[in-house]
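Before any comments, here is the structure.
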Ligand SMILES: Nc1ncnc2c1ncn2[C@@H]1O[C@H](COP(=O)(O)OP(=O)(O)OP(=O)(O)O)[C@@H](O)[C@H]1O
Ligand SMILES: [Mg+2]
């Protein structure tokens with residue numbers, strides 16, 4: 001009896017695409033996401049923007065201090081950019097992290113792992129699909145800020161913006177895969193999402209300049225890649241920074257971009273091995 | 001309520017009966033399991049909050065739990081081998097080790113000659129497995145989408161895959177619902193998609209964990225027929241069940257497993273023959289005096305007594321070495337204490353009786 005399996009590098013890639021395609025099909029069949037995608041990009045930063053407006057006073061007199069610390073008076077774009085990166089991280093945590101957990105709970109995780117495909121390929125495929133939907137989310141955000149506030153949140157040198165994004169993607173998905181692995185292991189996704197996004201929310205200067213944080217918190221911020229990405233995008237768009245000016249911000253980001261996917265792979269592999277020993281995979 | 005009251009005439013841990021030799025000459029061995037063991041690390045429940053658990057130290061000490069305790073058997077090509085055992089016997093754990101989802105603690109096994117520990121990808125290529133039944137497929141996808149998806153994960157070339165998927169949908173009688181979401185399927189149809197998924201790569205070996213659990217009797221019957229058809233294609237099948245009729249009907253040979261050990265292994269006929277000297281005397285009694293169970297158990301030819309207390313009728317099953325002599329005695333005894341016998345029969349031993357005589361307990365309660 002001859003099996004129909006024909007393994008090759010191409011077939012592994014096809015499997016990854018099949019995973020992404022399956023995720024997309026399932027995603028499409030839960031229509032609630034459309035509302036969320038239209039609603040959150042503007043709603044989420046709105047609280048911070050309105051707070052800023054109130055503190056700035058009717059004539060905008062209070063913005064002087066902000067402009068000095070932030071390097072720009074454009075507080076709407078400033079807050080919107082930080083919040084958008086935060087939201088991207090957030091939907092990735094829920095997305096990649098919870099997709100694995102959901103598969104584990106539904107029973108499909110094991111039925112995927114019965115196949116000869118590499119187990120990491122499933123995660124890569126899922127990340128691909130999440131990346132694609134996240135780019136749609138970013139586009140919607142951009143358009144909405146333009147329509148609602150008349151503010152173009154991304155501006156300046158497009159090449160540099162793309163460079164920052166290219167470095168940010170591996171960071172976000174590396175963290176997403178580490179996070180997903182830990183969720184498989186500890187099975188408490190909600191508590192863990194709150195922990196991670198709380199860190200990002202407070203330490204990365206999502207809605208305020210880092211300079212307002214106490215010294216020790218600024219030190220913590222240095223160890224979170226999103227800090228550099230947010231700062232980089234703001235510098236490009238709001239201050240017209242050049243590549244040379246950006247280098248000190250982008251170098252640490254590049255290191256994170258190289259290390260986090262590797263760390264993600266290692267965490268996933270260790271979790272998967274451990275699950276095979278303890279049998280924890282099939283439990284929920 | 002069910003109680004089993006064994007007498008002490010028979011040991012409860014009978015040695016395994018091994019008869020692998022009968023088949024070995026005829027056809028090649030497709031599944032070979034040698035002394036497989038699985039010990040789970042088990043930590044007593046940790047009730048501390050998550051943040052505390054993430055910090056090192058202070059955790060309750062690990063304990064060990066032996067789920068599978070040295071299981072050996074082999075399955076020849078084209079054979080259906082049934083693992084029959086009660087809840088928690090270690091059936092699923094055994095199957096999960098064979099399908100490379102779990103690492104054995106010790107022991108070895110091969111599938112179509114490939115070692116489950118050292119050649120896991122090759123094992124997965126040669127294996128179709130249905131472990132969690134209808135939960136192993138995506139309910140938000142159609143039947144066809146499910147199969148095409150898994151075909152890609154099995155590295156089946158796209159053209160071959162399309163053809164194979166249509167062929168299987170046709171074959172399993174799912175073609176006309178193939179483009180509907182699985183969530184709208186009946187349990188039986190979901191189970192068939194799960195089996196189609198396992199057959200995608202045309203594997204020589206199939207592992208089925210409780211294939212008919214949760215199905216209505218008609219669907220279960222259809223599924224058993226399907227399993228026999230799959231066997232007749234020359235595939236080798238290992239299935240687990242805790243329905244003795246199912247094991248009896250499907251399996252060429254049966255391993256009875258209890259508490260992680262195979263306690264008997266043979267054809268259904270031989271297993272039943274091994275306790276042929278035992279009859280099963282079954283009674284339905286109204287106004288039964290419960291203390292009589294004890295008395296019946298102590299009668300010399302009685303091996304054990306199983307009693308179901310119902311209102312108003314009790315059912316009793318006695319394993320006896322001499323039903324002829326026992327029958328009048330039992331009738332007299334029950335009657336003397338005000339019981340009215342409503343029905344009575346002497347039955348041939350079933351696999352259930354084999355299990356009871358080996359372990360002193362029932363397969364199901
Ligand atoms: N991952 C695990 N960690 C700890 N113990 C486990 C694990 N998986 C199974 N067990 C235990 O091992 C024993 C055997 O379980 P298993 O699922 O193999 O039984 P089974 O024969 O399939 O029973 P059932 O008929 O209920 O499906 C059970 O007592 C179960 O609680
Ligand atoms: Mg089981």
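Remark: mean inter-chain Cβ contacts per residue of A:4-12 equal 6, using a 10 Å Cβ-Cβ cutoff to other protein chain atoms. Using C-alpha pairs below 8 Å separated by at least 6 residues, the relative contact order for segment B:31-145 is 30 percent.
Per residue of peptide B:131-137, the mean number of Cβ atoms on other chains within 10 Å of the residue Cβ is 5.
When you count, for each residue, the other Cβ atoms within 10 Å and take the mean per peptide, how do B:78-91, A:247-260 rank with the highest first?
Values: B:78-91: 22.3, A:247-260: 16.6.
My ranking of the peptides, most packed first, is B:78-91, A:247-260.
To the nearest ten degrees, helix A:32-56 and the longest principal axis of the Cα atoms of chain A are 30 degrees apart. Across all C-alpha atoms in segment A:64-201, the radius of gyration and Dmax reach 17.8, 61 Å.
Please arrange A:26, A:202 by how many other C-beta atoms lie within 10 Å of their C-beta, fewest to most. List each step's numbers first, then the result.
On the way: A:26 17, A:202 13.
So the residues, fewest neighbours to most, are A:202, A:26.
Please list log₁₀ I(q)/I(0) at q = 0.07, 0.08, 0.11 Å⁻¹ for the protein assembly as shown, using the Debye equation with identical point scatterers on the alpha-carbon positions. Normalising to I(0) and taking log10 leaves -0.60, -0.73, -1.09. Counting Cβ atoms of other protein chains within 10 Å of each residue's Cβ and taking the mean over peptide A:22-34 gives 2.
Please report the relative contact order for segment A:183-284, taking Cα pairs under 8 Å with a sequence separation of at least 6, and give it as a percent rounded to a whole number. Provide the component values of the computation, followed by the final result.
On the way: 48 pairs, mean separation 26.4, N = 102.
This gives 26 percent for segment A:183-284.
Rg ratio for chain B: its Cα radius of gyration over 2.2 N^0.38 Å, N being its residue count, equals 1.16. Taking 0.36 nm per residue of separation and subtracting the current Cα-Cα distance, fully stretching the chain between residue A:118 and residue A:30 would add 28.9 nm.
Taking other Cβ atoms within 10 Å as a rough exposure proxy, A:154, B:205 sort from fewest to most as A:154, B:205.
Over segment A:208-254, what is the relative contact order in percent, taking alpha-carbon pairs closer than 8 angstrom and at least six residues apart? Please list the in-between numbers first.
Values: 20 pairs, mean separation 16.4, N = 47.
About 35 percent, as a whole number.
Projecting label points 7 angstrom from Cα along Cα→Cβ for residue A:147 and residue A:166 puts them 3.1 nm apart.
Taking every pair of distinct Cα atoms and averaging 1/r, then inverting, what Kirkwood hydrodynamic radius in Å comes out for segment B:23-141? Display every interim value, and only then the final one.
On the way: mean 1/r = 0.0597 Å⁻¹.
16.8 Å is the Kirkwood radius here.
Sort B:180-191, A:212-223, B:56-67 by the packing proxy (mean of other Cβ within 10 Å over each peptide's residues), most packed first.
Ranked from most to least packed, the peptides come out as B:180-191, A:212-223, B:56-67.
For chain B, the longest principal axis of the alpha carbon atoms and the long axis of helix B:217-232 meet at an angle near 60°.
Based on the Cβ-Cβ distance from residue A:239 to residue A:136, what FRET efficiency comes out when R0 is 22 Å, to the nearest 0.05? The computed FRET efficiency comes out at 0.20. Here the Kirkwood formula, the inverse mean of 1/r across different C-alpha pairs, assigns segment B:181-264 a hydrodynamic radius of 13.8 Å.
The angle separating the long axis of helix B:143-153 from the principal Cα axis of greatest extent in chain B is about 70 degrees.
Packing order of peptides A:31-37, A:65-71, A:239-245, highest average first: A:65-71, A:239-245, A:31-37 (average count of other Cβ atoms within 10 Å over each peptide's residues). Once you reduce segment B:163-207 and segment A:150-191 to the center of their Cα atoms, the two points are 38 Å from each other.
Throughout, read-outs are computed from the coordinates displayed, never taken from laboratory work. Small disclaimer: the values here were computed from a predicted structure and weren't measured. Cβ coordinates were reconstructed from backbone atoms using ideal geometry, including for glycine residues, and neighbour counts include every protein chain displayed.
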